[in-house]
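Working notes, structure below.
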Amino acid sequence: MEIDKECKFTKEHEWIRLEDNVVTVGITDYAQTQLGDVVFVELPDEGDTVTKGESLGVVESVKAVSDIFAPVSGEIIAANSPLKDQPEQVNADCYGEGWMVRIEMSNIDELEDLMSPDDYATFVAAEHG
Amino acid sequence: MKQTPLFHEHTEHDARIVEFAHWAMPVQYPTGTLVEHATVRTAAGLFDVSHMGEFEIAGPGATAFLQKMTVNDVESLAVGDAQYSLLLNEHGGIIDDIIVYCLAVDQYLLVVNAGNAETDWHWLMAHQREDAQLVNRSEEYALLALQGPKADTILQPLTTMPLGTIRRFGIAPTHLHGIPMLLARTGYTGEPGYEMFIPAKDAALIWRTLLAAGKPHGLIPCGLGARDTLRLEMGYPLHGHEITIKTTPWETRLSWVVKLDKGDFIGRDALSAQKAAGWERQLVGFTMVDPGIPRAGYPLITHHKPVGYVTSGTMSPSLRVGIGLGFLPKNIAQPHTKFSVDIRGTERLAEVVQLPFYHTQ
């Protein structure tokens, strides 16, 4: 399982990458492996506002439907619309081309709730048994 | 959880194991469901379906017994024929869908769904007659399905029997790699192929032999995930989804299986009555017009009101569009009818289509 050392992580298996007050969000390698072949991705529109912990979109594999939860609150400033036609990018390159959205944060303190790569590795190991 | 004789073959191949009807079954191999699906459509896939139940029924009363217990006409079967059929209760509800194989005069093999095997067994035993012996062979057989356009190419070098002698929906005893088995030209994918009833102790040897012989032709092991998407593209029903104890053959597009004029059988009176009175709902196939994937249980909507529900749905790997089966009111269950699927609170447009969704090459 790959864990991007540049990222922070949520318990819902999203990664976030921070640049100034904008975060890029995707799902982790562990999440895409668990889901299996991703066949459908639904993302919010640019300009939508999202609240931390609420669903901002959906990733579906052949068998499963999985919400993408907003790791922070703020405004959607970009959505990775090519995933509409190429959802398999989520499997192929989850930390790169498979990114989901960019959020301009409204409350930078929310970052404190996120896990470091080491903490996330421990979290996954515990969850996976 | 119960394990098939091939469980260790699956874990050695790093299959992902899930529980299905109390069996530990491979849902996919590391190749993933989409690759497995495409490989069955273009080359061949090998499935372990040993969780299915096998019952043998033999004796001078076997044919009469099955005529009473099933909806299709068992008397029309010649030795070596197979027949899709249904077990109904007295109300016409579908206890299970099954395949009846005629192995010899007055000797039959029934293949039943894993999840219903126990119920079916008790149901058959409760109606047993002295001149027809029932034997549960489920533990003795492993069942493999070799499915795909390359199935014949892969299988022929392994047996002396000319495969052309087995007709579609036919079954014959043969030897494969020296192992005695029953070879049937049946399946659940829409592709050409075989199902093989193998002594459980020899299952691993046959599994490995087939995979090795098939490798140059693209054969890979496949899991239940691909089995489900393949059957759904063909519009084949799955018990517990499209057909249940609460649905009848008329409602579920299975009237072609029912032979009302063959003589008495369990459920016949109820079916005759429903045929005369009519019925309210009809199973249909539909494709999504809007983006989205229909899933079992999602409501089907007309005029913003729920009028039915999805029984099975997926993203069709071959067609790359959301497809589903579900119940609609009979009066609107015609091809080209537009309606909506409530996908997590949003109404998405869908359209009734002719089945199958996918036309095999």
Inset, instruction - Can you run down the residue pairs with Cβ atoms below 8 Å, 6 or more apart or on separate chains, where the first is in the range B:23-49 and over 20 Å from A:Gln32 (Cβ atoms) and the partner is of a type in the set (Asp, Glu) and surrounded by fewer than 21 Cβ atoms within 10 Å (Cβ to Cβ)? - result: B:Met25/B:Glu19; B:Asp48/B:Glu9
Legend entry - Residue satisfying condition, being farther than 20 Å from B:Thr186 by Cβ and at pLDDT 95 or above, within set B:Ala64, B:Ala78: B:Ala64
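Looking at B:Thr160, is it at pLDDT 95 or above and of a type in the set (Val, Ile, Thr)? Full working, then the answer.
On the way: at pLDDT 95 or above: no; of a type in the set (Val, Ile, Thr): yes.
No; evaluated as a whole, the condition is false for this residue.
Please pick out the residue among B:Val35, B:Val40 that is surrounded by 20 or more Cβ atoms within 10 Å (Cβ to Cβ), modelled with pLDDT of 95 or more and β-branched (Val, Ile, Thr). Walk me through it before giving the result.
Working: B:Val35 fails: surrounded by 20 or more Cβ atoms within 10 Å (Cβ to Cβ).
The unique qualifying residue is B:Val40.
Quick check on the range B:303-310. Is at least one of its residues within 14 Å of chain A (Cβ to nearest Cβ) and not in a helix (DSSP H, G or I)? Give the derivation first.
Keep residues of the range B:303-310 that are within 14 Å of chain A (Cβ to nearest Cβ), which gives B:310.
In the following step, the residues that additionally are not in a helix (DSSP H, G or I) were identified as B:310.
Scanning the range B:303-310, I find at least one residue that is within 14 Å of chain A (Cβ to nearest Cβ) and not in a helix (DSSP H, G or I), so the answer is yes.
Before we move on, is A:Thr28 among the polar types (S, T, N, Q), more than 14 Å from every other protein chain (Cβ to nearest Cβ) and touching a residue at least 12 places away in the same chain (Cβ under 8 Å)?
Judged against the criteria, A:Thr28 is a match.
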Inset, instruction - Filter the range B:150-165 for residues that are more than 10 Å from B:Gly214 (Cα to Cα), among the small types (Gly, Ala, Ser) and surrounded by 16 or more Cβ atoms within 10 Å (Cβ to Cβ) and give the result. - result: none
Inset, instruction - Could you give me the residue pairs with C-beta distances under 8 Å whose first residue belongs to the range B:213-224 and is touching a residue at least 24 places away in the same chain (Cβ under 8 Å), whose second residue is of a type in the set (Lys, Arg) wherever it lies, and which are 6+ apart or on separate chains? - result: B:Gly214/B:Lys150; B:His217/B:Lys150; B:Gly218/B:Lys150; B:Leu219/B:Lys150; B:Gly223/B:Arg16
Inset, instruction - Tell me, please, whether a residue that is away from chain B (no Cβ under 14 Å) and buried (at least 23 other Cβ atoms within 10 Å of the Cβ) can be found in the range A:51-68. - result: no
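Within the bounds of the range B:219-236, is there any residue that is part of a helix (DSSP H, G or I), of a type in the set (Lys, Arg) and farther than 25 Å from B:Trp23 by Cα?
Residues of the range B:219-236 that are part of a helix (DSSP H, G or I), as a first pass: B:224-234.
Narrowing further to those that are of a type in the set (Lys, Arg): B:227, B:231.
From the residues that got through so far, the ones that are farther than 25 Å from B:Trp23 by Cα too are none.
No; the residues of the range B:219-236 include none that is part of a helix (DSSP H, G or I), of a type in the set (Lys, Arg) and farther than 25 Å from B:Trp23 by Cα.
From A:Asp67, A:Asp20, grab the single residue that is at positive phi and of a type in the set (D, E, K, R).
Values: A:Asp67 fails: at positive phi.
Exactly one of A:Asp67, A:Asp20 is at positive phi and of a type in the set (D, E, K, R), namely A:Asp20.
How about the range B:109-189: which strands (runs of 3 or more DSSP E) wholly inside it have at least 3 residues that are farther than 28 Å from B:Ala24 by Cα? Steps first, please.
Numbers: elements: B:133-136, B:141-147, B:171-176, B:179-184.
Hits in the range B:109-189: B:171-176.
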Inset, instruction - Go through the range A:31-43 residue by residue and tally those that are within 14 Å of chain B (Cβ to nearest Cβ) and either outside any strand (DSSP E or B) or touching a helix residue (DSSP H, G or I) at 6+ places or on another chain (Cβ under 6 Å) (or both). - result: 9
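The values are calculated or read from the model by the stated rules, or taken from the named source; none is laboratory data. From a predicted model like this one, the values you see are computed outputs, not experimental measurements. Because the Cβ atoms are built from the backbone with ideal geometry, glycine has one as well, and the counts that use them run over all protein chains shown.
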